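Notes follow the structure.
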Ligand code: ADP
Ligand code: MG
């Protein structure tokens, strides 16, 4: 398994990560969440051995992952890392980029493997296109295919779908994570997008102020968010009587002791998000129907 033991790291004086410890079993998928600047990318780079740690140690199985001071070549051979700013060879084709790490010894096997990878990232139609002609999202997909080409034991993905439009994102996520699970590839994803996490992660780790403030299943953290930062990854919420109440947990009913006045209705597709005033505070709840401005409603928490 991957064992991160009490690691700390700073680029300059301030510690970006402080006393970080966690474990990941082979084949598990873990996501690293946190606000922008919370150290997600830094943590992935440390797992890859990019920098020397100030403190602590990292192991994969019985091998230690060492920084550049002790290790000339960055990145262990059993691990692949797809950076936020992916690097590809622009003047050669998608197929050539994906196959860059594959042996030429068995050309038929190699082509079969590339076809399989093109299928996973849904780029079959672009097999012979030069990478420089692709969109940002397509390039990102080439980078993903290249990273899984040689079947690493562990893959680190930094915001892997950030350049891909919503249209493609959903099916690509399913296809990629299904592939990684089938091949028992351990996967660590840094993201701020709940849709990257909820259906696919066994655990999610939340970083805040250089530390891990939560490490649990997405289900547990969703049901029981210990603070507003965690809740905010899942959905919009209200604070009512010191409780975190997601907007879908607040409903209009015939009668209750929470009387509110409607301010605005926002169309959200299969529901409306209603903004209302409750004792001088703005609250949001979800409703099948639109409400007129200034309509009085009674609200109820439905946990
Ligand atoms: P995230 O990926 O969560 O947005 P990062 O790991 O990129 O966060 O950054 C964490 C902090 O480290 C930020 O304050 C950022 O400015 C700083 N940082 C990132 N890379 C470097 C670097 N190469 N040199 C100095 N500071 C850096
Ligand atoms: Mg980042």
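The values are calculated or read from the model by the stated rules, or taken from the named source; none is laboratory data. Just so we're clear, the structure is a prediction, and the values are computed from it rather than from any experiment. Methodologically, a virtual Cβ is constructed for each residue, glycine included, from the backbone with ideal geometry; neighbour enumeration extends over all protein chains shown.
The table for this structure:
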{"read-out": "Residue satisfying all of: in the stretch 241-253; over 12 Å from residue 303 (Cα atoms) and touching a strand residue (DSSP E or B) at 6+ places or on another chain (Cβ under 7 Å); surrounded by the most Cβ atoms within 10 Å (Cβ to Cβ) among these", "value": "252"}
{"read-out": "Any hit, the stretch 5-12, residues being more than 16 Å from ligand 2 (Cβ to nearest atom), within 12 Å of residue 207 (Cβ to Cβ) and assigned to a strand (DSSP E or B)", "value": "no"}
{"read-out": "Pairs with Cβ under 6 Å, 6+ apart, first in the stretch 198-211 and more than 16 Å from residue 188 (Cβ to Cβ), second within 15 Å of ligand 2 (Cβ to nearest atom) and in a strand (DSSP E or B)", "value": "210/17"}
{"read-out": "Any chance residue 214 is in the same structural domain as residue 81 (by TED's automatic domain parsing) and within 18 Å of the chain's Cα centre (by Cα)", "value": "yes"}
{"read-out": "Qualifying residues in the stretch 156-167 (those that are within 16 Å of ligand 1 (Cβ to nearest atom) and free of Cβ contacts under 8 Å to residues at least 60 places away in the same chain) - the one farthest from residue 30 (Cα to Cα)", "value": "163"}
{"read-out": "Enumeration of residues in the stretch 186-222 that are crowded, with 21+ Cβ neighbours inside 10 Å and assigned to a loop (DSSP other than H, G, I, E, B)", "value": "201"}
{"read-out": "Matching residues, the stretch 168-202, being out of contact with any helix residue (DSSP H, G or I) (no Cβ under 8 Å at 6 or more places or on another chain) and within 16 Å of ligand 1 (Cβ to nearest atom)", "value": "193"}
{"read-out": "Any hit, the stretch 18-33, residues being closer than 30 Å to residue 125 by Cα, within 15 Å of ligand 1 (Cβ to nearest atom) and crowded, with 17+ Cβ neighbours inside 10 Å", "value": "no"}
{"read-out": "Boolean, residue 104 is buried (at least 19 other Cβ atoms within 10 Å of the Cβ) and in contact with a helix residue (DSSP H, G or I) (Cβ under 8 Å, 6 or more places away or on another chain)", "value": "no"}
{"read-out": "Set 56, 75, 27, 49: member being over 24 Å from the mean Cα position of the chain (by Cα), on the phi > 0 side of the Ramachandran plot and either more than 16 Å from ligand 2 (Cβ to nearest atom) or at pLDDT below 95 (or both)", "value": "56"}
{"read-out": "Filtered residue count, the stretch 34-45, keeping only those that are out of contact with any helix residue (DSSP H, G or I) (no Cβ under 6 Å at 6 or more places or on another chain) and either away from ligand 2 (no atom under 13 Å from the Cβ) or not in a helix (DSSP H, G or I) (or both)", "value": "5"}
{"read-out": "Count of residues meeting criterion [over 20 Å from residue 176 (Cα atoms), in contact with a strand residue (DSSP E or B) (Cβ under 9 Å, 6 or more places away or on another chain) and either exposed (fewer than 15 other Cβ atoms within 10 Å of the Cβ) or modelled with pLDDT under 90 (or both)] in the stretch 79-101", "value": "3"}
{"read-out": "Any pair with Cβ under 7 angstrom, 6 or more apart, that starts in the stretch 32-60 at a residue that is over 30 Å from residue 228 (Cα atoms) and ends at one that is near ligand 2 (Cβ under 10 Å from one of its atoms)", "value": "51/45"}
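So that you can scan it fast, the table gives a plain yes or no per residue for (1) under 10 Å from the mean Cα position of the chain (by Cα); (2) within 16 Å of ligand 2 (Cβ to nearest atom):
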position: 155; (1), (2): no, no
position: 160; (1), (2): yes, yes
position: 163; (1), (2): no, yes
position: 172; (1), (2): no, no
position: 180; (1), (2): no, no
position: 186; (1), (2): no, no
position: 193; (1), (2): yes, yes
